[in-house]
Amino acid sequence: MGILKKIITKFYGLRMKISKLTGMGIDISTNNKKIKSPESFYTLEAKANNGEVVGFEKFRGKKVLLVNLASQCGYTPQYNELEELYQLHKNKITVLGFPSNDFGGQEPGTDEEIEQFCKVNFGVTFPLFHKDHVTGNDKQPVYQWLCNADKNGWNNEEPFWNFYKYLVDEQGNLDKIFSSSVSPLTII
């Protein structure tokens, strides 16, 4: 994994600079009409990577950034940025990580292996959830809410790749969606 990590890290900065300069890959959707979610975000729950069920009511009053993760993706260095965002603004925003193997088989590990990878390589302390689907008919309930306008009020699109970011506002409404090429540090 050492060589792969070095290659990913080396090309990450270049990839982000190209995206910023050209606008390629930067896809940002916003709830411009401030549509309220028909189904409450706070009724959702998800299984953490340790098996504990986490109710989202505990995030009421904070912004929540939900990100689908993969340990072998070219965007994996964003773990550093997600952790930095979490540490700098944890009184205002919570980062929730959802590992998934849906894109390119880039998250083959178990929940335990993913947690170890994140902690050892990136010092991740934000909550990590059970590896599950974020696309297709079998996607987990959190992503069913994020990707269904009948539930969230306006968005029907699934993530296009790893490290897609969904921002929920302090009232529990889906506010913005950021593509993989958007640095988490530019969100707040």
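Each value in this text was obtained by applying a stated rule to the coordinates, not by laboratory testing. Quick caveat, the model's predicted, so the values are computed rather than measured. Cβ atoms come from the backbone with ideal geometry, glycine included; neighbour counts cover every protein chain shown.
Summary table
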| read-out | value |
| --- | --- |
| Within segment 30-119, GluC sites (Glu not before Pro) in DSSP loop having at most 12 other beta-carbon neighbours inside 10 Å | GLU52 |
| Qualifying trypsin sites (Lys or Arg not before Pro) in segment 83-124, DSSP loop, other Cβ atoms within 10 Å at most 13 | LYS90, LYS92 |
| Likely footprinting exposure, THR135, THR30, fewest C-beta neighbours within 10 Å first | THR30, THR135 |
| Segment 91-174 shape via C-alpha gyration tensor axes, a/c threshold 1.5 | oblate |
| Relative contact order of the chain, defined on C-alpha pairs under 8 angstrom at six or more residues apart (%) | 32 percent |
| Alpha carbon convex hull of the chain, projected area averaged over orientations, nm² | 10.0 nm² |
| Test item: Cα-centred dipole of the chain, Lys/Arg +1 and Asp/Glu -1 on Cβ, debye | 760 debye |
| Projected-area mean, segment 53-108, by convex hull of Cα positions, square nanometres | 4.4 nm² |
